[in-house]
Each structure stands twice: as structure tokens, then as C-alpha cells.
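Each reported figure results from applying straightforward, stated rules to the coordinates on display, with no laboratory input. Nothing here was measured: the structure is a model prediction, and the numbers come from that model. Methodologically, a virtual Cβ is constructed for each residue, glycine included, from the backbone with ideal geometry; neighbour enumeration extends over all protein chains shown.
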Amino acid sequence: MKIALMDSGIGLLAAAAAVRRLRPDAELVLSSDPGSMPWGPRTPEDVTARALAVAEAAAGHRPDALIVACNTASVHALPALRARLEPGIPVIGTVPAIKPAAAGGGPFAIWATPATTGSPYQRGLIREFADGASVTEVPCPGLADAVEHADQAAIDAAIAAAAARTPDDVTTVVLGCTHYELVAERIRAAVRRPGTPPLVLHGSAGAVAAQALRRTGQAAAPQAPDQGTLTVLLGGQEGVLPATALTYDEGRLLQAVSPAR
């Protein structure tokens, strides 16, 4: 089984690591274009064009499924990606985990990029899955960029600023950008209030990894032989994981995977 993942940068690490844990025998293809990062401020047309280029680079390796491990690309480019690649390659988009957050009860916040926060897309998900719930949309300017570049001081500053905009009674936070999942524990620590239970975080990596297996007719097999391989595509060219990826647990997990021959 071969699963491809795409993103502008290293936001795909969380979903790739989730696939790796579910199927250690799967071949992974990671396709990104860090030179064009970030995609959030770009026009929908520009995002779509760049997403198609990154996806087509991955498709050249004939994967059994493609995970769009990027919220911005899923918002703007998913129809175009599916039109181009399906039915030959199932395409799995990334949607903020608003539905499970609402089902958990209690007030929750959605941390997302400024472009996504307040967007018709996100507001539509809130109406569909969290109508009547207490929801706060929290923009996180600079956080995805800081995570991409592993700029620790900038990560701390962006998280602190977003935490200050998060109401004190929030019990759950939806991570509405795949990059944020790489610093989930830092977000949990920043938002938790003294004397309160641990913050509940909802990311998307586990859900999209499981959906990719379902779409390929495969079952989870975490005890499968550790024989998977890794192909890294940067701007369409084969390369290696960026050094910044190795500052995160997910990147170090993937670094241990054998390169594809």
C-alpha cells in the first residue's frame, strides 16, 4: 500500500506519522513546496494551482490514495484535486474537527489561520455541526510560519497571543491548521487555566489517516512489519526531510523510515 500526502510545507508530518503508526508497512510519499509557503494569504486561484502541482508530483508515484494534509488547500482546491485525480486516486481532504468538539459539550475554540478564521467555509462548518454551541474563532497570525521554520521564540509568541484571545471557560480547542498539531502540547499548556482539567485538543491527523485506509479498502495494522518506505518530494524533486521537520517528534519518527529505492 502506498499513501501520498501533500501540503505547502511540513504540516503534513502529523498525518504522515498517523499513517505510519496505523500501517508501518505502508509506503509514504510526502509532497510539498516549501518555497511557496504560506498558502493562507494567497488567492483561491493561486492556492488551487499550487495544490494541483504538488498533488500531480505525488500522483506520479502512483499512490493508492492522496491525503490533502492542509486545511487551506482543502478549502480552496479539493474540488479541482478530485476532478483531476479521481477515481484513479482517492483524495482525502482535511476538515477541522468541529463536529467531535461540539459533541463533547462545553464551550470550545477553533484556532486557525487569519484567512480561515471567519471564512464562509469555517462558518458553514460551525452552522452544520455546532449550531447553538458556544464557539470562539481564534485567529493565529504567524503560528503556521513559525512552526514551518521551527522558530521557537515566534512559536511561543504566537501561541501566547492566541491563548490570550481564547476565553477562560473554553474546555476544548480545535486545531484548524495541520501545522498546529506539531505543537499541540505547547498549545495545551498555554490555554489550560489553573485548577481546571486538561484541555481537550481535536486535530485531524488521526481521522484523515483512518479515512485513507478506508478509501483504499485496508484495515489498520499497527503490528504490521516495519517495512514501509519514504519518498520526499520538494517542489516536485526528490529530496530529504527538511532540517526543521526533525525538530518535531513526528519528523523524527518519519526520519527513521527507510528511503524508497
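In plain terms, the chain from GLN227 to ARG21 could stretch by 72.9 nm, reckoned as 0.36 nm per residue minus the Cα-Cα distance. Judged by the gyration tensor of its Cα atoms, with axes a ≥ b ≥ c, segment 183-261 is oblate; a/c meets the 1.5 cut and b/c is at least as large as a/b. Put a plus charge on the Cβ of each Lys and Arg, a minus charge on the Cβ of each Asp and Glu, and nothing anywhere else: the dipole of the chain about its Cα centre is then about 460 debye. Rounded, prolate or oblate: which fits segment 116-194, taking a ≥ b ≥ c as square roots of the Cα gyration tensor eigenvalues, rounded meaning a/c under 1.5, else prolate when a/b beats b/c? Taking the square roots of the gyration eigenvalues as a ≥ b ≥ c, segment 116-194 is oblate.
When the Gaussian network model of the chain links Cα atoms closer than 10 Å, the mean-square fluctuations of ALA205, ALA53, ALA83 top out at ALA83. Computed from phi, the 3J(HN,Hα) profile of segment 172-179 under the Karplus parametrisation 6.51, -1.76, 1.60 (θ = phi - 60°) reads 9, 10, 8, 8, x, 8, 5, 4 Hz, with x in place of Gly and Pro. Cβ-Cβ distance of ASP169 and THR247, R₀ of 45 Å, FRET efficiency by 1/(1 + (r/R0)^6): the value works out to about 0.85.
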